[in-house]
Structure formats: C-alpha cells, structure tokens
Amino acid sequence: MTKKTLVFIANGSEEIEAVTTIDVLRRAEIEVDVVSIEKNGHESVKCSRNVRILPDKSIDDIKNNQYDCVVIPGGNDGSKAMAANAEVGQILTKHYQDGKIVAAICAGPRALLSHKIGIDHKHTITCYPTVRKEFTDGEPYKLDTPDHAVCHSTHTIKGAEEKEHHLVTSQGPGTSMVFALKLIELLKGKDEATKVKDGLLV
C-alpha cells in the first residue's frame, strides 16, 4: 500500500525544509500532499526567503484525509501561523492519537507545543538552536542534545491493542535531508532509505 504524507506550508515557511522533505519523500515513491493553511489555500505561498510554492491542496480539501505522516516545516512566521491554527492542531492531534508519525523541523516544534501534541508522553525533541529557549527542558518535552540532527521519540501504550506514538524532530535547513531520510526509514524501511540516500550522494 502506498504511504501518504501531508506537508503543511504557510506564508513564511522555510523553503529548504519544505521542498527538501517533499522531494526526498517523493523519491521513495511516497505520496505527498503539499497543503496550504492560508485562506486563499490554492494560491502560492511566499516562503521565508521569498521563494513561492504552489500547494497541491488547501487545508479545507484534506480535513477528513488520513495520512501515515504529517510534517510541519520551520520558518519563523510559517511555524507561528501553524501553531496558531486550530485546524492544524486538530489534524496533528488526530494523527498522533492514531499512531501516525508527526514530524516537525527547525521552528516547527513550536506547533507541537502549542497544540499539546504528546505532552503527557515524555517525548524527547530537538529544534532550531534559538527556538530551544521557548521550551523548558522536561516540561513537557525533554530537549535532545544539540549534536543530534534528528530525534525520533516514541511512546508505547500497552493494552488489549498496543499503540505506538511517534514524534520526529530536526534542527534546521542543514538537517532537512537527514530528517527526510529518517521519515523514509520509518515509513518504508532502512533499505529504501539507503537506496534514496545513495542516489542523492548523501
């Protein structure tokens, strides 16, 4: 079955992080929906360095869709917009509760905090260095050491039906390639991630 990923974008999103993630996942034949959270959701968004990205869909188009992974790129203004958007919060919460991968890079983790994603599960996260001050270590997330480019944190709930919850976070534009490769590994396995990595000469 084809794996599906949702990548949110907004005015002010970090274009390297958004485009790298979209591109690398598609190289692994993962279906990616690039979704604008803006009111004019079918028009291009203006990213943090004035690069324009045309979304595939608006947030209204995908409210009831189920994905295997949801991604929040960084960018100061874009991540703040996602942190303030209730519909983004609902989608993140649903996918997290359903055991899907919720991923954020750079300033993107501020949306995880704003929408209280996995706050009761003692997750470890990372983010852009200057954004770390927005988090209190251990409350509700533990901050990973700065030398880790990507952090994959899981929480398992045992019961009649065991469920595993995933947060994947990364530090910034320069770590977006390994961030995307980690998502491929989780979605399609190490062999596929290695195949894409080798093809990219990473």
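The values are calculated or read from the model by the stated rules, or taken from the named source; none is laboratory data. On a predicted model such as this, the values are computed, not experimentally measured, just so you know. Here Cβ is always computed from backbone atoms with ideal geometry, including for glycine, and neighbour counts include all displayed protein chains. Surface areas here come from the heavy atoms of the whole protein model, side chains and all, with no ligands, DNA or RNA. Shrake-Rupley method; radii C 1.70, N 1.55, O 1.52, S 1.80 Å.
Numerical summary
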| read-out | value |
| --- | --- |
| Of all residues in segment 90-122 being under 19 Å from D77 (Cα atoms) and of a type outside the set (A, V, I, L, M, F, W, C), the one that is surrounded by the most Cβ atoms within 10 Å (Cβ to Cβ) | P109 |
| Residue list for segment 55-89, restricted to those being of a type in the set (S, T, N, Q) and loosely packed, with under 15 Cβ neighbours inside 10 Å | N64, N65, Q66 |
| Residue check, R49 part of a loop (DSSP other than H, G, I, E, B), surrounded by fewer than 16 Cβ atoms within 10 Å (Cβ to Cβ), without any contact (Cβ under 8 Å) to a residue 40 or more places away in the chain and more than 14 Å from the chain's Cα centre (by Cα) | yes |
| Residue satisfying condition, being under 15 Å from S79 (Cα atoms) and over 18 Å from the mean Cα position of the chain (by Cα), within set T130, T156 | T130 |
| Sole exception among (1) assigned to a strand (DSSP E or B); (2) in contact (Cβ under 8 Å) with a residue 60 or more places away in the chain for V35, by number | (2) |
| Which numbered condition L201 misses (of (1) under 30 Å from R27 (Cβ atoms); (2) open to solvent by less than 40 Å² (accessible area, probe 1.4 Å); (3) more than 18 Å from the chain's Cα centre (by Cα)) | (2) |
| Qualifying positions in segment 1-36 - among the hydrophobic types (A, V, I, L, M, F, W, C), open to solvent by 20 Å² or more (accessible area, probe 1.4 Å) and either under 22 Å from Q66 (Cα atoms) or in contact with a Cys (Cβ under 6 Å, 6 or more places away or on another chain) (or both) | M1, V19 |
| I125 vs. criteria open to solvent by less than 40 Å² (accessible area, probe 1.4 Å), in contact with a His (Cβ under 9 Å, 6 or more places away or on another chain) and modelled with pLDDT of 95 or more | no |
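Residue by residue, here is whether (1) buried (at least 17 other Cβ atoms within 10 Å of the Cβ); (2) among the hydroxyl-bearing types (S, T, Y); (3) assigned to a helix (DSSP H, G or I) holds:
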{"residue": "T130", "(1), (2), (3)": "no, yes, yes"}
{"residue": "L167", "(1), (2), (3)": "yes, no, no"}
{"residue": "L183", "(1), (2), (3)": "yes, no, yes"}
{"residue": "K197", "(1), (2), (3)": "yes, no, yes"}
